[in-house]
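The values are calculated or read from the model by the stated rules, or taken from the named source; none is laboratory data. Since the structure is predicted, the reported quantities are computational estimates derived from the model, not experimental observations. Neighbour counts are summed over all protein chains in view; Cβ atoms, including those assigned to glycine, are modelled from backbone coordinates with ideal geometry.
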Amino acid sequence: MTIAIRVEGLTKLYRRAAPGFRLRTLKSALLEGSLTRGLGAEETIRALSDLSFEIEQGKAFGVIGSNGSGKSTLLKTVAGMIKPTTGRVVVDGRVAALIELGAGFHPEISGRENIYINGAVLGLSRKEIDRRYDDIVEFSGLADFIEEPVKNYSSGMYVRLGFAVAIHTDPDVLLVDEVLAVGDEAFQHRCIRRIEEFLGLGKTLLLVSHTLDLIEEYADEALWLEGGTKRMLGAPRRVADAYRQAVAEDEGRLHQEAMEQRLQEGAEPGDGVEGSTRWGSQEAVIEAVRMLDAGGQERYYLESGEPIAFEIDVRCREPLTDFVFGVGVFTPRGTECWGTNTHLEGFTSESLEGSTTVRLTCPALRLAAGEYLLDVAVHARDGYPYDYRRRILSFTVTSPHGGVGIYFPVHRWEFDASVRWKKRP
């Protein structure tokens with residue numbers, strides 16, 4: 001097994017540039033041998049922290065994470081554009097990097113001249129660039145603009161020229177950041193085909209993308225970075241699903257905290273104007289809402305058909321004899337997907353006092369893939385609201401199968417013997 005990229009204990013610190021922090025002199029830096037040595041933790045930003053992993057030759061490796069998690073810093077370190085503060089990065093073979101939009105291009109000169117400059121930077125001789133020039137221009141699709149100064153190029157044209165140069169330098173390791181998302185549909189397909197050919201030749205790809213489907217489809221292994229540290233490393237589908245779940249949980253938690261903050265800042269709970277997120281008399285108060293999986297863990301990212309429970313914490317300000325608990329699921333555009341309440345299902349209220357927890361369990365939530373919002377309410381039988389929480393939670397449903405709409409029933413196709421199908425690869 002040949003290792004194409006080895007990252008060992010990689011840490012990268014940046015100086016803070018905020019006002020009030022001490023700027024070091026060139027003399028002190030030379031005497032101490034470091035621009036960051038002696039700086040306190042409050043004077044530095046830790047972009048990467050003790051990161052270690054290996055990428056086998058011929059493999060595609062995906063990196064995911066939120067903005068500011070250290071993805072671009074990692075790629076720049078692997079590319080040799082920046083040096084680690086501690087640790088080391090070892091790369092076997094020639095590296096080509098497409099990391100920043102327009103990186104390495106001179107805006108005042110033409111696309112043709114930039115091809116030669118970039119090719120030389122990536123290690124090609126002028127004769128080698130001459131031989132590949134026509135292929136680079138054809139791949140980029142910029143023949144009509146190749147003599148124009150690149151400052152006149154759109155962001156998509158920048159990416160097309162940069163990728164075309166990078167992929168035609170015959171690198172052993174290709175580093176690609178999110179910039180591919182800027183290209184149009186046709187160019188993206190062209191890039192994917194070329195990446196597949198690249199991997200077919202036994203070359204190595206390190207890909208950073210927010211498009212998780214792309215990571216799942218093409219990566220052999222994936223790394224989830226969070227705050228500059230390794231949150232998870234493993235099979236792309238497993239890592240991407242864990243990341244989606246964490247994002248959904250954070251969104252749900254922030255949404256609920258924002259609603260609580262509004263109430264604390266004096267929002268009127270009885271205000272029933274259109275678009276309000278909460279209204280009612282507050283004789284009974286919904287204090288928290290959670291979505292739980294079969295194991296009792298909070299889940300806001302699930303696959304269609306999974307069991308789920310909606311758990312509601314309620315506190316009564318005074319004893320009640322007339323009460324109904326209700327739950328509704330909606331699309332972000334307001335389409336009602338499903339809703340029910342205890343009155344509709346035959347429960348007759350008798351007494352409610354103090355604090356309690358109500359749970360509505362769905363053995364199989366068969367919503368189609370998409371984004372959904374949750375309404376929760378406690379009210380009287382005639383509809384008089386005690387506490388109505390609109391859009392209190394958001395959650396995501398995925399499905400391994402196709403389909404449109406909002407409902408995903410159990411189903412199967414049946415065919416006569418005269419109908420035949422090819423097996424998918």
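Tell me which of these S140 doesn't satisfy, since it passes every other one: (1) under 30 Å from R6 (Cβ atoms); (2) among the polar types (S, T, N, Q); (3) crowded, with 20+ Cβ neighbours inside 10 Å; (4) out of contact with any strand residue (DSSP E or B) (no Cβ under 6 Å at 6 or more places or on another chain).
Looking at each condition in turn, S140 falls short on (1).
Has the range 140-163 got any residue that is among the acidic types (D, E) and touching a Leu at 6+ places or on another chain (Cβ under 9 Å)?
So far as the range 140-163 goes, yes, one or more of its residues are among the acidic types (D, E) and touching a Leu at 6+ places or on another chain (Cβ under 9 Å).
Condition (residue is under 25 Å from G80 (Cα atoms) and among the basic types (K, R)) applied to the range 232-249: is it met by at least one residue?
No: zero hits.
Does the range 259-296 hold any residues that are modelled with pLDDT under 90, within 28 Å of L365 (Cα to Cα) and exposed (fewer than 11 other Cβ atoms within 10 Å of the Cβ), and which are they?
Across the range 259-296, the qualifying residue is only G275.
Has the range 151-159 got at least one residue that is in the same structural domain as L205 (by TED's automatic domain parsing) and outside any helix (DSSP H, G or I)?
yes
Pick out the one residue from G339, G328, G354 that is touching a strand residue (DSSP E or B) at 6+ places or on another chain (Cβ under 7 Å), small (G, A, S) and within 17 Å of Y300 (Cβ to Cβ).
Answer to the check: G328.
Looking only at the range 322-381, which residues are in contact with a Ser or Thr (Cβ under 8 Å, 6 or more places away or on another chain) and either on the phi > 0 side of the Ramachandran plot or outside the structural domain of I312 (by TED's automatic domain parsing) (or both)?
Matches in the range 322-381: G370 only.
Going by what's in this entry, would A97 be described as at pLDDT below 90 and of a type in the set (A, V, I, L, M, F, W, C)?
So A97 fits the description; yes.
Would you be able to say whether some residue in the range 151-159 is exposed (fewer than 15 other Cβ atoms within 10 Å of the Cβ), without any contact (Cβ under 8 Å) to a residue 40 or more places away in the chain and more than 28 Å from the chain's Cα centre (by Cα)?
The answer is yes, given that some residue of the range 151-159 is exposed (fewer than 15 other Cβ atoms within 10 Å of the Cβ), without any contact (Cβ under 8 Å) to a residue 40 or more places away in the chain and more than 28 Å from the chain's Cα centre (by Cα).
Consider the range 201-237. How many of its residues are assigned to a strand (DSSP E or B) and among the aliphatic types (A, V, I, L, M)?
Going through the range 201-237 one residue at a time, the tally reaches 9.
Looking at G156 and the list (1) modelled with pLDDT under 85; (2) touching a Ser or Thr at 6+ places or on another chain (Cβ under 7 Å), which single condition is not satisfied?
(2)
Which numbered condition trips up G20, out of (1) at pLDDT below 90; (2) surrounded by fewer than 16 Cβ atoms within 10 Å (Cβ to Cβ); (3) under 30 Å from G202 (Cα atoms)?
With respect to (1) at pLDDT below 90; (2) surrounded by fewer than 16 Cβ atoms within 10 Å (Cβ to Cβ); (3) under 30 Å from G202 (Cα atoms), G20 is out only on (3).
For the range 305-358, how many residues meet the condition of being assigned to a loop (DSSP other than H, G, I, E, B) and among the β-branched types (V, I, T)?
The qualifying residues number 5.
Could you say whether any residue in the range 390-407 is surrounded by fewer than 17 Cβ atoms within 10 Å (Cβ to Cβ), within 24 Å of G305 (Cβ to Cβ), of a type in the set (A, V, I, L, M) and over 26 Å from the mean Cα position of the chain (by Cα)?
For the range 390-407, residues surrounded by fewer than 17 Cβ atoms within 10 Å (Cβ to Cβ), within 24 Å of G305 (Cβ to Cβ), of a type in the set (A, V, I, L, M) and over 26 Å from the mean Cα position of the chain (by Cα): absent.
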